[in-house]
1. Looking only at segment 76-84, decide whether some residue is on the phi < 0 side of the Ramachandran plot and at pLDDT 85 or above.
2. Of the conditions (1) at pLDDT 75 or above; (2) touching a helix residue (DSSP H, G or I) at 6+ places or on another chain (Cβ under 9 Å), Val40 satisfies every one except a single condition; which number is it?
3. Looking at this structure, is Ile19 modelled with pLDDT under 85 and more than 11 Å from the chain's Cα centre (by Cα)?
4. For Val28, indicate whether it is of a type in the set (Val, Ile, Thr) and touching a His at 6+ places or on another chain (Cβ under 7 Å).
Amino acid sequence: MKVLIADNEPMITDLVEVILAEKGGHAVVKAHHTQAAVDVAKDNPDIGLVLLDMDCLGGGSVTEALRTLCNECTIVLYSGGVVGDEDPKEFGVDAVISKLHYPPDLFQALAQACAA
């Protein structure tokens, strides 16, 4: 699967790339700011892994672009903070996870996306 990782911290995108590419065999495309993520969304990733607090316009603009440009992709929002019982539908996404619980939550969200 092709996975878009949208996070303004290169260290985080590099770490997630290792987890997804080397451990999971996924193709990874990284974006470090909102416009780059929107540009990458035009290439129809299978999954968009988007930081909730993305820089500039915020994560919402990236998720809206993903929904518009590649309606079939799975969108997973993640946060650096603790994620409780947030309803993904509230954000218009398929899952909400915490960076604090990588990689188990990440792989679970990907597995659910593959099953869909």
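1. First, pick out the residues of segment 76-84 that are on the phi < 0 side of the Ramachandran plot: 76-84.
Now restrict to residues that are at pLDDT 85 or above: 76.
The answer is yes; a qualifying residue exists.
2. (2)
3. Details: modelled with pLDDT under 85: yes; more than 11 Å from the chain's Cα centre (by Cα): yes.
Yes.
4. Taking the combined requirement at face value, the residue does not satisfy it.
The values are calculated or read from the model by the stated rules, or taken from the named source; none is laboratory data. Keep in mind it's a predicted model, so treat the numbers as computed, not measured. Quick reminder, even Gly has a Cβ in these numbers, built from the backbone with ideal geometry, and neighbours come from all protein chains shown.
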